[in-house]
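Below: the structure, in C-alpha cells.
The values are calculated or read from the model by the stated rules, or taken from the named source; none is laboratory data. Because the structure is a prediction, the values reported are computed rather than measured. With ideal geometry, Cβ positions are generated from the backbone for all residues, glycine too; neighbour counts draw on all protein chains shown. Heavy atoms of the whole protein, side chains included, go into the accessibility calculation; ligands, DNA and RNA do not. Shrake-Rupley method; radii C 1.70, N 1.55, O 1.52, S 1.80 Å.
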Amino acid sequence: HRELPLDPAHWWVEDDPAGQAERVLSLLAAHGGEHSASEITIGLPDEQLEPVLVARLAGAGVAARAAQGARLSVGAVCQLLSALADHLRGRGFDSLAALLRHPDLEASLAAAAERLPAEWLDEWSAEHLPGRVPTQWLPMPDDERDRRRAEGLRELCEGLHTLLGDLAATDRRSLAAWAPHVRALLSTLYEGWDLTALDRPAPDNAADAERLLERRLVHRALELAGKTLAELESLPSSLGDGWPVAASDALRWVADEVSREFLPGAYGEDAV
C-alpha cells in the first residue's frame, strides 16, 4: 500500500520491448547531452529486456552495459563445460557435433591432428543417421570419399578421447576425484591464452573491445573454476566418497557454479 511519488506525467506505456527501447532513446535525446553516459542509469524490473535495450542503444551509438557486468554463463569456459557435460551424459551424435564446434576445443584438436574434418560430421549424420557416436566408423562399400570421412572422424574422436583423459571414463567417482581431471583439461585448453593487461580500459575499437571482453570472461571463469575445484578437493572423504557421480555431473557442477557469477565492467568504461 506504499504510495509511489511518481507523477502520471512521468509514465509511458509501450506495446513491446522494442517500443520501450525507443522510449528510452527518446528520453535520453530529450536531455540533450546534459549528462555523461556513466551518469545515466536505467532500471529494468524485467532482466529479459536487457539484451534488446543494449542492442538498440548500441545501434544508436549509445554505449550501454549491465550494471552487474557480463554473465559468465555466456563465456567460452562455461559453454565448453556445459557442452562437454551434455555430451558425456548421453554420448549422442548431435551432442558430439555441438561439442566439436566449440572454438577453443576445435583449436586444441586441430593443433594435435594433421587434419580436422569436423564438417564431415554433418555429412555423416545425413547419410548414416547415427543416434549415438559409433564405436566403429564403418564407411559405405566402394565409397572412397566416405572411407576418408570415416578415417578422419575416427582420428578426430581419438584425439578428443586423448584430450579428455579420465573424463572420458564411464565409471562414477566422488566430486573430489574428478576435480584434478577437470583442472587438467582446462589447463591444457587455455595454457596458450594471453591473459595479460586485462585491467586496462576497453579500447575504442569495437573488435578490440570484444576480444578484450572475451579474455576477461575466460580469465574470470578460470579463476572461479579453480576456486570451485579446490573446494571440491577439500571436501571430507566422509562426504565426497559417499556420493559417487559421473564425469558429466562433475563438469555440470563446475559450470553451474561459475555461470552464477558476473564479470564487472572494465575500469574507465563510460557507458549507460
Q: Highest first, please rank the peptides 6-14, 176-184 by the mean number of other Cβ atoms sitting within 10 Å of their residues.
A: 176-184, 6-14
Q.
Semi-axes of the equivalent ellipsoid for the chain, please: Cα gyration tensor eigenvalues, times 5, square-rooted, ordered largest first, whole Å.
A. 43, 25, 19
Q. Can you list residues whose amide H is under 5 Å from VAL245's amide H, if they're 5+ apart or on another chain and H is modeled 1.01 Å from N?
A. ARG173, SER174, LEU175
Q | Length-normalised contact order for the chain - Cα pairs under 8 Å, 6+ apart - percent | A | 31
Q) In degrees from 0 to 90, rounded to the nearest 10, what is the angle of the helix 175-190 Cα long axis to the longest principal axis of the chain? A) 80
Q. Once the mean 1/r over all distinct Cα pairs of segment 13-77 is inverted, what Kirkwood radius in angstroms do you read off?
A. 12.9
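Which length gain, in nm to one decimal place, applies between GLU119 and HIS35 when the Cα-Cα distance is subtracted from 0.36 nm times their residue separation?
Working: separation 84, 0.36 × 84 = 30.24 nm, distance 5.06 nm.
Taking GLU119 through HIS35 to full extension adds about 25.2 nm, to one decimal.
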Q: Provide the per residue accessible area, probe 1.4 Å, for the chain, rounded to a whole number of square angstrom.
A: 60
Q: Kindly state, to the nearest 0.05, the FRET efficiency for SER238 paired with HIS161, given R0 = 35 Å and r defined as their beta-carbon distance.
A: 0.55
Q: Have a look at ARG252, ARG56, ARG101 and tell me which one the Gaussian network model of the chain (Cα, springs below 10 Å) gives the largest fluctuation.
A: ARG56
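FRET efficiency for ILE42 and ASP143, Cβ-Cβ distance as r, R0 = 45 Å, nearest 0.05?
0.15
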Q | Unit charges on C-beta of K, R, D, E only; dipole of the chain, Debye | A | 660
(Q) For the chain, take the longest principal axis of its alpha carbons; what is the angle in degrees between that and the long axis of helix 50-59, to the nearest 10 within 0 to 90? (A) 70
Q: Mind pulling the per residue volume of the convex hull built on the Cα atoms of segment 36-134? Å³ is fine.
A: 178
Q: Report in % the part of the accessible area of the chain that belongs to carbon and sulfur, leaving out ligands and nucleic acids; probe 1.4 Å.
A: 52
**Q.** Nearest-20 debye value, segment 7-147 charge dipole, Cβ charges on Lys, Arg, Asp, Glu
**A.** 460
(Q) Could you work out [θ]222 nm for the chain from helices alone, using -39500 (n - 2.57) per DSSP H run of at least four and dividing by all its residues? Round to the nearest 500 deg cm²/dmol. (A) -17500 deg cm²/dmol
